[in-house]
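One structure below.
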Amino acid sequence: MKASDLFVAQLEETGTEYIFGLPGEENLDFLESLRISGIKLIVTRHEQAAAFMATTYGRLTGKPGVCFSILGPGATNLVTGVAQAQLIEAPFISISGQKALNNNLQGRFQVVDIVRMMEPLCKNIDHN
């Protein structure tokens, strides 16, 4: 079993019915795991649209709206929708790809520190 299979199984366990986003090279394993799951993939033309669709789904249903993107610029396009979800307190999950920030053979190509970028917009959960 692949990590993406476990991740998608966890999404199914939380009741995820739909996921909004754009396919790309970095999320092919994730997409294959979605294909064999019961979650319906809604392909959007832009990551920002995916984030707003997920935010709206979360607000209207009370279930987490889920969106995904590719790494780098694709993930930065999610920011406005993530901010909207936080502002209206909609249940929301955002997924993106990421390359190693150090020792990346392609150099800095499409490398953005997504965790630090999204940190002010995300709920901080203390596990202690």
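Evaluate the charge dipole of the chain about its Cα centre and quote only its size in Debye, nearest 20, assuming +1 on the Cβ of each Lys and Arg and -1 on the Cβ of each Asp and Glu.
260 debye
Counting each DSSP H run of 4 or more residues in the chain as -39500 (n - 2.57), what helix-only mean residue ellipticity at 222 nm follows after dividing by all residues, to the nearest 500 deg cm²/dmol?
-11500 deg cm²/dmol
Could you work out how much longer the chain between Ser37 and Leu60 gets when fully extended? Use 0.36 nm per residue separation minus the Cα distance between them, nm to one decimal.
5.9 nm
Excluding same-chain pairs closer than 8 in sequence, count the lysine pairs in the chain whose Cα atoms lie under 25 Å apart.
5
Which one, [x] 116; [y] 97; [z] 130, gives volume of the Cα convex hull per residue in Å³ as derived from the coordinates shown?
[z]
Values in this text are rule-based calculations from the coordinates and carry no lab data. Keep in mind that this is a model prediction, so the values were computed, not measured. Virtual Cβ from ideal backbone geometry, glycine too; neighbours counted across all protein chains shown.
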